[in-house]
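Engineer: I'd like to ask you about the structure that follows.
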Amino acid sequence: MFFDSTTLPENTVIEADICIIGAGAAGITLARDLAGGNRRIAVFESGGFDFSQETQQLYDGEVVGQPFTPINADRLRFFGGTTNHWSGSCRPFDEADFEGWPFERSALEPYYRRAQDICQLGPYTYAPEDWMTEETPPLDFGPQARFRSGVFQFSPPTRFGPVYRQDLEAASNISVYLNANLVTIETNDNASEVTGLGFACLNGPRFRAHARHYVLATGGIENPRILLNANHVQKQGLGNQFDLVGRYFMDHASINNSAMLLFKEPHPKLGFYDLNPVRGQRAMGYVYPTPELRHEEGLPPFNITITPGSPPDTYFSKASLLTVYRTLLSGHWPDHIGFHLEKIFAAVELRAPQMYQRVTHTTPQGFSTAYMVGCPPDPESRVALIDTVDALGLRRVELDWRLPPDFEKTMLRAHELLGQELGRNGLGRLRMNSSATMQNVVNAHHHHHMGTTRMHTNPREGVVDENCRIHGIANLFVAGSSVFPTYSFDDPTMTIVALSLRLSEHLKSLAS
Amino acid sequence: MIVTRRFILAAAALGACFTAARASPFASAESCDAAIRLRSLIPAPGSGREIGRVYLAKCPEEAGASALTPLILSSLSLEEGDVAGLEFQALSAKVAMRVRSDFEQGDIVDIDGWILSRTETRLCALWT
């Protein structure tokens, strides 16, 4: 059942077994998986069913250091969360990507299989040979290949709010409270247990909730913000006794239009690298370095997409277009309008040559590459509280995203290695664009906020344990990509969903 | 340096020329001179010359056919006299193998952002 919290009487107290804060991919997955049992599940979502500028502004904050999208522009604060403008790219992490995690990939495998369905994807296989056709073979890098081809599947994309709303509505043990903003986390005297939550509505009542277990599922920036603001007992913030909350912020660095590829004539068929339906499922190939090459060269994980003529960044323009549309529809003038318009117009300009080629059936002169890079976790890359407060009195945050000092050099080397590989195999030649520099990287990231409540068995190394429970607090858990201790070049959504299913199993075992 | 469309197309041609050997033998104008035969493997002399100029600006000690030819022949394990006896196809195949080997061994040159093999840039430099 859904409730509009603005209609609750002041000081209402909600009793539940499990409280879930946030109704994005993590929160909705968790709630759905807990549906039907005898546990009372209460889900609290800050927004309503639609975008509201006033609620969205609760996300306002500052960006310092490495330039980044305004932090209220790349997340969405209403039912369904950021999946409301998600591009849909999916792929489970590889075995090697779990280095630094307290468990191996095999522990997540059964949940990945279920996440495949939840994200409305095709068959659970990511082997390139399962996604190629005679007309779309991957590039042949020959013997002793130093690069390989991989494949992403694309979700429709699943908008978790509209798609799974009915499931939550129908579950008799689930109550979803909309327009409910978490403002306080109450604990016992030594902050070893959460005893309740305080909520507030914008221009509405304040109320509380009690449960046996609590799960924060509000995203990679908001999860640490909530914990840092909860500083009534632990002055440095809940779970922050070792100054780890908010640190190790990670996002995929993106280097768009970084190089031009010219293939020999006739150039190889490159349909594998287009976003195309294969047996009814949208899939898109990419190129990536082998683990051996990465190890040998000290390279971070990255993938390379190959696009005729122009970089594949229409996702960013779509997100901007949706934000502007939703904001105008709600009767407001969008924040950061210059940023959004720049994205929208840039996409039109970049797509023009491709559209021309499609219309005229002409062969592209060249192909461009775009790199998506996973950088090593850095404690100085972080989310921290600032003194300004939002409309509900919570301190806002500043984001200081950092890239390794040798990032540019490393990625130029990566380009060089790809150029060598193309030449070695007689496929073609690569030209690094002059824009393949830090200047090009600074405004390019993938809106994947990770790492700020990282997972580790040692409380001095991580905020949450292997079960996503905050170290030192018996009944407070975190769901979502903020628990990732490391990451790969894959989009995080599928792993967020898989981890939420795993957390659900754990909560069920506790409750029983 | 301003990258011209002609430059880019020439580089594309470089990518293809050693992998799809010309069927015809050397034209009569292509003498038995090793340097002339070697540089004839470059299909776009004008752009090849531009690439060659950039290369020689990086490696001025290699300027001139008398310096370049022995370096190229040595990398191909050929003597100057061997070249005259080779058909275009055979010479082209040898160069193609050498180019790939350059890439494999990382013997590459950055020409205005293009990742090219040293052998192919030296061949271009023969046009200067």
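Engineer: In the stretch B:117-128, which residue that is among the polar types (S, T, N, Q) and more than 10 Å from chain A (Cβ to nearest Cβ) is surrounded by the fewest Cβ atoms within 10 Å (Cβ to Cβ)?
Structural biologist: B:T128
Engineer: Now a separate question. In the stretch B:102-116, what residues are at the interface with chain A (Cβ under 7 Å from one of its Cβ atoms) and more than 21 Å from A:S258 (Cβ to Cβ)?
Structural biologist: Scanning the stretch B:102-116 gives a single hit, B:E104.
Engineer: Same structure, new question: Mind checking which pairs have a first residue in the stretch A:441-464 that is polar (S, T, N, Q) and a second that is surrounded by fewer than 22 Cβ atoms within 10 Å (Cβ to Cβ) and modelled with pLDDT under 95, Cβ under 7 Å, 6 or more apart or different chains?
Structural biologist: A:N443/A:P67
Engineer: Quick one: which residue in A:K264, A:K235 is within 14 Å of chain B (Cβ to nearest Cβ) and either in contact with a Leu (Cβ under 7 Å, 6 or more places away or on another chain) or under 20 Å from A:T452 (Cβ atoms) (or both)?
Structural biologist: Within the list A:K264, A:K235, the selection yields A:K264.
Engineer: If you don't mind, another one. Checking A:I21 against (1) among the β-branched types (V, I, T); (2) at pLDDT 95 or above; (3) surrounded by fewer than 24 Cβ atoms within 10 Å (Cβ to Cβ); (4) under 23 Å from A:M494 (Cα atoms): exactly one of these is not met. Which one?
Structural biologist: (3)
Engineer: With the requirement that a residue be among the polar types (S, T, N, Q) and facing another protein chain (nearest Cβ under 9 Å), what does the stretch B:87-101 give you?
Structural biologist: B:S101
Engineer: Return the only residue of A:S192, A:S254, A:S258 being of a type outside the set (A, V, I, L, M, F, W, C), within 14 Å of chain B (Cβ to nearest Cβ) and out of contact with any helix residue (DSSP H, G or I) (no Cβ under 6 Å at 6 or more places or on another chain).
Structural biologist: Only one candidate qualifies: A:S258.
Engineer: Let me ask you something else. Does at least one position in the stretch A:62-70 carry a residue that is surrounded by fewer than 24 Cβ atoms within 10 Å (Cβ to Cβ) and closer than 24 Å to A:L197 by Cβ?
Structural biologist: no
Engineer: With the structure loaded, tell me whether A:R382 is away from every other protein chain (no Cβ under 14 Å) and basic (K, R) or whether it fails that test.
Structural biologist: Yes.
Engineer: Here are the criteria: (1) under 25 Å from A:V43 (Cβ atoms); (2) within 18 Å of the chain's Cα centre (by Cα). Tell me which single one A:S488 does not satisfy.
Structural biologist: (1)
Engineer: Next question, about the same structure. Does B:S77 qualify as being out of contact with any Asp or Glu (no Cβ under 7 Å at 6 or more places or on another chain), at positive phi, more than 14 Å from chain A (Cβ to nearest Cβ) and among the polar types (S, T, N, Q)?
Structural biologist: Taking the combined requirement at face value, the residue satisfies it.
Engineer: Looking only at the stretch A:153-173, which residues are surrounded by 14 or more Cβ atoms within 10 Å (Cβ to Cβ) and part of a helix (DSSP H, G or I)?
Structural biologist: Once the filter is applied, which keeps residues that are surrounded by 14 or more Cβ atoms within 10 Å (Cβ to Cβ) and part of a helix (DSSP H, G or I), the stretch A:153-173 yields A:F160, A:G161, A:V163, A:Y164, A:R165, A:D167, A:L168.
Engineer: Within the stretch A:1-89, considering only strands (runs of 3 or more DSSP E) that don't extend past its boundaries, which have at least 3 residues that are farther than 20 Å from A:H449 by Cα, in contact with a strand residue (DSSP E or B) (Cβ under 9 Å, 6 or more places away or on another chain) and basic (K, R)?
Structural biologist: Passing ranges: none, list empty.
Engineer: When residues of the stretch A:29-50 are filtered for being acidic (D, E) and surrounded by fewer than 20 Cβ atoms within 10 Å (Cβ to Cβ), how many remain?
Structural biologist: We begin by selecting, within the stretch A:29-50, every residue acidic (D, E); these are A:33, A:45, A:50.
So of that shortlist, the ones also surrounded by fewer than 20 Cβ atoms within 10 Å (Cβ to Cβ) come out as A:50.
So the answer is 1.
Engineer: What's the total number of residues in the stretch A:212-230 that are closer than 19 Å to A:G61 by Cα and not small (G, A, S)?
Structural biologist: Residues in the stretch A:212-230 being closer than 19 Å to A:G61 by Cα and not small (G, A, S): 10 in total.
Engineer: Find the strands (runs of 3 or more DSSP E) located wholly in the stretch A:376-491 whose residues include 1 or more that are acidic (D, E) and surrounded by fewer than 24 Cβ atoms within 10 Å (Cβ to Cβ), and list them.
Structural biologist: Per the criteria, A:382-389, A:395-401.
Engineer: Any idea which of (1) at pLDDT 90 or above; (2) hydrophobic (A, V, I, L, M, F, W, C); (3) closer than 22 Å to A:N433 by Cα; (4) surrounded by 18 or more Cβ atoms within 10 Å (Cβ to Cβ) is the one B:L91 doesn't satisfy?
Structural biologist: Of everything listed in (1) at pLDDT 90 or above; (2) hydrophobic (A, V, I, L, M, F, W, C); (3) closer than 22 Å to A:N433 by Cα; (4) surrounded by 18 or more Cβ atoms within 10 Å (Cβ to Cβ), B:L91 misses just condition (3).
Engineer: What residue, of B:D33, B:D110, is out of contact with any strand residue (DSSP E or B) (no Cβ under 7 Å at 6 or more places or on another chain), of a type outside the set (G, A, S) and modelled with pLDDT under 90?
Structural biologist: B:D33
Engineer: Another question, if that's okay. Using the structure shown, decide if A:E95 is without any contact (Cβ under 8 Å) to a residue 12 or more places away in the chain, among the acidic types (D, E), surrounded by fewer than 19 Cβ atoms within 10 Å (Cβ to Cβ) and more than 24 Å from A:W401 (Cα to Cα).
Structural biologist: yes
Engineer: Shifting gears a bit: On the given criteria, is B:L86 at pLDDT 95 or above and either touching a Lys or Arg at 6+ places or on another chain (Cβ under 6 Å) or surrounded by fewer than 21 Cβ atoms within 10 Å (Cβ to Cβ) (or both)?
Structural biologist: No, not satisfied.
The values are calculated or read from the model by the stated rules, or taken from the named source; none is laboratory data. What you see is a predicted model; the values in this text were computed from it and never measured. Neighbour counts run over all protein chains shown; Cβ positions are idealised from the backbone, glycine included.
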